[in-house]
Amino acid sequence: MTQTEDPKERTRIERYDAAAIEPRWQARWDELGLYKTDLTDTRKRYYLLTMYPYPSGDLHIGHWYIKTPTDAIARFHRMHGENVFLPIGFDAFGLPAENAAIKNKINPRDWTMKNIENMRRQLRSMGATFDWDSEVVTADPDYYKWNQWFFLQFYKAGLAYRTKSAVDWCPNDGTLAREQVEGTERRCWRCGAKVEKRDLDQWYLRVTKYADELLDFSEIRFPDPIRIQQTNWIGRSEGAEVVFEVARDGGGEDIRVFTTRPDTLFGATFMVLAPEHPLVGSLTAPERKAEVEAYVARAQEQTEIERMSTDREKTGVAIGADAINPVNGERIPIFVADYVLGGYGTGAIMAVPAHDERDFAFAKRFGLPIRQVVASAAASAAGAASGTAGEPIEAAYVAHSDGEVLVNSGEYSGLPADEGGRRIVAWLAERGKGKKAVTYRLRDWLISRQRYWGTPIPIIYCDVHGVVPVPEEDLPVRLPDTVDYAGSGVNPLTRDEAFLNVTCPIGGEPARRETDTMDTFMDSSWYWYRYLSPDKPDGPIDLDLTEGWTPVEQYTGGAEHAVMHLLYAREFTKMIRDLGMIQQNEPWRRVFNQGQILGMDGERMSKSRGNTQDPDELVSKYGADTVRLFLMFMGPWDQGGPWSPTGIGGVHRFLSRVWALALDPHFREPGDPSSGTLPDGQDEGTARAALRAAAHKTLRDVTVDYEHFHFNTMVAKLMELTNTLFRYRGSPIAGGSEWDEAVGMLLQMLAPAAPHITEELWARRLAARGEEWSSIHASRWPEVDQSAVVESTREIPVQINGKVRDRVTVPADASAAAVQTAVLASPRIKELLAGRTPDRVIQAGGGKLVNLVVRDG
């Protein structure tokens, strides 16, 4: 760069050209291995994890919204001298690849790997500091071998088991995922055939063992919505298990129910079994079988959400059998109804219509008795006095407060509801008809998928020896390289004779492989451990590195995974802990959920909707730094919102201003007499102090913003500092020590967010000083000079009759009297008062605002 001697003349500097700068620095960083983490380095460690992407083909702007602020966090911590590990990989198994393979008649592996290559290029274009040497791809046999190994350990420990469960089944395409069943008529997404429910033998992990432990969040910092969702999903309920004997034809069977309100047992006037309940078939009277079976078939076509809707009219069918209420001996009818779910509690309920809205609606429809057995103390006393305690009620009374008492409950009437409930449970327990109990909404994890593109479950079935685990030395069980979908969605492994037919590992008899593959959430339940040793051949994780680097310090990703990935991973961590593989209880210390970038139509971005934004186009036009910074400036990171490119040009202009400041501090605007002068009539000493104060205040605030992921306010404050520097550009202090310090701090504060432009300007800065190059990203984060940010003065707004008319500057420690004197001495205030004396001078907020109350005239 050349510079003329006369600062009044324009200095010619080249235009900020991101396209020339960014690829060059990305190549340089790769060449130097600048972001390869030495995992043995004993400096303070910071494991930063971001959810790995699914290789759908192209990154859209939503991926950038997740990844680039995370990269800024990594760079910020590196500049604080920490040993930061930011790995990346690909969640490569899954249904979209299989759907694409069926449609295009290709192997899903080919589709997936082609997409991964493209996404690697796009991720690198961000300028992110991912440690690519630690990459994992879950569809690689070297990775999924260890999924299989974990499964075998769980099987040995009794944590993996096989049982029958229902799936959505298409006669042409086999098992379907829930999202592949379309419309209220439940049609196959691909062929349009009617979808039915079918019971299949499937594999589960026994995660309910950890239900209570999963409710302990003391070692993990979740956002409140995630913690609440997981708590509700686990659904711990305390109450009682009650045994109802079935009375039919002189014989009977027991129906066990769980209730959180044993105090209402005297109000149970009928029972309801879920359509899935195993006793429905055996208890139904012969004359009722046809109607009951038809009802059960219809119920199986409904989703749980549809069945649980409070807006639906309640339906059900009497099965022709009665149960005996254990507390009063009453015979009460048994129904099958779809508002009871087989997967919650015992799949059977005692229906208390007076105190449950759904039971009330059902009882009204079918003309069943409604008996109130709980009331407020006041209502109970009033009813007893007037003789109306037994009158019909118009709606269910569902409140549960300390002031409730039992009514119409035999010897327990008049007792407080809680005490009465405890006594009833004790009475049942003495007679073997009930006990205190705890139940959970959480169910064991179904990991079986009847698909090709996933981790094969390492099990062999032998007619002689039964279920036989694949020997560990035979892992991995590989997916066949060739796959024939035969024009349907049926799992092709079921037709692959070479895959299916094996010999039994125990006796050598002919046997067959399991054709189910694992839920892809298995892949994502431990991948951060594998990042630490992706090439380890003799085990899934390196115990020493895992001990030193985990739990992960910070995890970033979407809130949509609250009760799936974020819960499965916690379960998996506790399972491998119990196998003695790790010592920690939680996978991560802290989880942050960024918001979601929606399409311009306000809908979630997807190719099918045509509302995605290709970041490559924006990078080509503006550069990666502009795109990164614009995404951080859009709004709070945890909120997201609809995508709009409005304003991205302004961010690009901001970076151009930073470029000009750093390379041309002496420029003066031709024809502007104020250009090059000190603002606000400052002298040089005051100006130097003001510039230092602005720089160090910004550093103080921006540091906090980075620490709390407040990227939008961080960018805004750097823009403010840039504006301040522009006011001093070309002035006598431009290019001086305070200027040089402020510009250097600006570059360092901007570096985590806009890494390319700051690296370029830092390199030029060092070259101009004759210093050897070193990366700005390896420089030490500046420290705040507290003496520079001490306020020597303060500005006070002055109102007259509630309207701001002036501002005065006073010493920071000015007394109330000194403030009043300064206000009344202000030329502007004197002019407005026009000789009048204020009736009152009010100093609000400890002198932060002054209001002069003056009478008109």
Open item on the list: For the chain, take the longest principal axis of its alpha carbons; what is the angle in degrees between that and the long axis of helix 565-578, to the nearest 10 within 0 to 90?
Closed with: 70
Open item on the list: Restricting the calculation to Cα positions, tell me the Rg (one decimal) and the Dmax (whole number) of the stretch 682-738 in Å.
Closed with: 12.6, 38
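Give me D for the stretch 696-798 in µm² s⁻¹, whole number, from Stokes-Einstein with Rh from the Kirkwood sum over alpha-carbon pairs, 20 °C and 1.002 mPa s. Numbers along the way, then the final one.
Working: Rh = 14.9 Å.
Answer, rounded: 144 µm²/s.
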Open item on the list: Could you compute how fast the stretch 426-557 diffuses translationally, taking Rh as the Kirkwood radius over C-alpha pairs and applying Stokes-Einstein at 10 °C with viscosity 1.306 mPa s? Give it in µm² per second.
Closed with: 84
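For the stretch 126-215, what does the convex hull of the Cα positions come to per residue, in cubic angstrom? Mind showing how you got there, number by number?
Details: hull volume 21.4 nm³, N = 90.
Normalising the Cα hull of the stretch 126-215 by residue number yields 238 Å³.
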Task: Whole-Hz couplings from phi, Karplus 6.51/-1.76/1.60, listed for the stretch 644-655; x for Gly and Pro - done: 8, x, 4, x, 5, x, x, 5, 5, 5, 4, 5
Open item on the list: Quick check: the angle from helix 816-825's long axis to the longest principal axis of the chain, C-alpha only, nearest 10 degrees?
Closed with: 60
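In the structure shown, do any of LYS803/LYS830; LYS314/LYS364; LYS36/LYS145; LYS164/LYS314 have a Cα-Cα gap over 19 Å, and if so which?
Working: LYS803/LYS830 16 Å; LYS314/LYS364 10 Å; LYS36/LYS145 26 Å; LYS164/LYS314 29 Å.
Exceeds cut-off: LYS36/LYS145; LYS164/LYS314.
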Task: Nonlocal amide H pairs with VAL552, under 5 Å, H built at 1.01 Å - done: TRP588, ARG589
TODO: Apply the Karplus parameterisation 6.51 cos²θ - 1.76 cosθ + 1.60, with θ equal to phi minus 60°, to every residue of the stretch 263-270 and state each ³J(HN,Hα) to the nearest whole Hz, in sequence, with x for glycine and proline.
DONE: 5, 9, 4, 5, x, 6, 10, 7
TODO: Keeping all protein chains in position, work out how much accessible area TRP64 exposes to a 1.4 Å probe, and write it in Å² to the nearest 10.
DONE: 0
- [ ] Determine ³J(HN,Hα), in whole Hz, for all residues of the stretch 113-130 in sequence, where each value follows from phi through the Karplus function 6.51 cos²θ - 1.76 cosθ + 1.60 and θ = phi - 60°; x replaces Gly and Pro.
- [x] 5, 5, 5, 4, 4, 5, 6, 4, 4, 5, 5, 5, 5, 5, x, 7, 9, 5
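Report the Rg/Rh value for the stretch 225-373, based on alpha-carbon coordinates and the Kirkwood definition of Rh.
Numbers: Rg = 15.2 Å, Rh = 15.8 Å.
Rg divided by Rh gives 0.96.
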- [ ] Using only Cα atoms, figure out Rg for the stretch 1-120 and give it as a multiple of 2.2 N^0.38 Å.
- [x] 1.56
Task: Heavy atoms of MET634 accessible to a 1.4 Å probe, total area in Å² rounded to 10 - done: 70
Task: Protein accessible area in the stretch 1-134, 1.4 Å probe - carbon and sulfur % - done: 50
Open item on the list: With just the Cα atoms defining each centre, how far is the stretch 41-85 from the stretch 233-293? Give it in Å.
Closed with: 53
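With a probe of 1.4 Å, find how much accessible area the chain has per residue, and write the answer as a whole number in Å². Show your work: numbers first, answer last.
Numbers: 38500 Å² over 857 residues.
Computed with neighbouring chains in place, this is 45 Å² per residue.
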Open item on the list: So if I take the centroid of the Cα atoms in the stretch 537-610 and the same for the stretch 751-822, what is the distance between those two points in Å?
Closed with: 39
Task: GLN799 long-range amide H proximity, modeled H, under 5 Å - done: ARG805, VAL850, ASN851, LEU852
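According to the Cα gyration tensor, what semi-axes, each the square root of 5 times an eigenvalue, does the equivalent ellipsoid of the stretch 784-857 have, listed from largest to smallest in whole Å?
On the way: eigenvalues 140, 25, 20 Å².
Semi-axes (√(5λ), whole Å): 26, 11, 10.
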Open item on the list: Output the 0 to 90 degree angle, nearest 10, between the alpha-carbon long axis of helix 141-156 and the longest principal axis computed from the alpha carbons of the chain.
Closed with: 40
Open item on the list: Rounded to the nearest 10 Å², what accessible area does THR303 have for a 1.4 Å probe in the complete protein model?
Closed with: 60
Task: Equivalent ellipsoid semi-axes, the stretch 504-619, via Cα gyration tensor eigenvalues times 5, rooted, Å - done: 34, 23, 15
Task: Protein accessible area in the stretch 669-825, 1.4 Å probe - carbon and sulfur % - done: 49
Open item on the list: For a quick check of your reading of the filter: which GluC sites (Glu not before Pro) in the stretch 188-267 sit in a DSSP loop and have no more than 11 other Cβ atoms within 10 Å?
Closed with: GLU219
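Restrict the search to the stretch 723-795; then list the trypsin sites (Lys or Arg not before Pro) that DSSP places in a loop and that have at most 13 other Cβ atoms within 10 Å of their Cβ.
Details: sites: ARG727, ARG729, ARG764, ARG765, ARG769, ARG780, ARG794; in loops: ARG729, ARG769, ARG780.
Those that pass, being in a loop and sparsely packed, are ARG769, ARG780.
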Open item on the list: Considering only C-alpha atoms, what is the centroid distance from the stretch 433-461 to the stretch 171-228, in Å?
Closed with: 10
Open item on the list: Distances longer than 18 Å among the Cα atoms of the stretch 511-562: what percent of all pairs is that?
Closed with: 49
Open item on the list: What is the ratio of the Cα radius of gyration of the chain to 2.2 N^0.38 Å, with N the residue count, to two decimals?
Closed with: 1.24
- [ ] Tell me which residues come under 5 Å, amide H to amide H, from GLY599 once H is placed; ignore anything under 5 positions away on its chain.
- [x] ARG604, MET605, TRP643
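The values are calculated or read from the model by the stated rules, or taken from the named source; none is laboratory data. Since the model is a prediction, treat every value here as computed from it, not as a measurement. Glycine also receives a Cβ, built like all others from the backbone with ideal geometry; neighbour counts cover every protein chain displayed. With ligands, DNA and RNA removed, areas are computed over all heavy atoms of the protein, side chains included. Shrake-Rupley method; radii C 1.70, N 1.55, O 1.52, S 1.80 Å.
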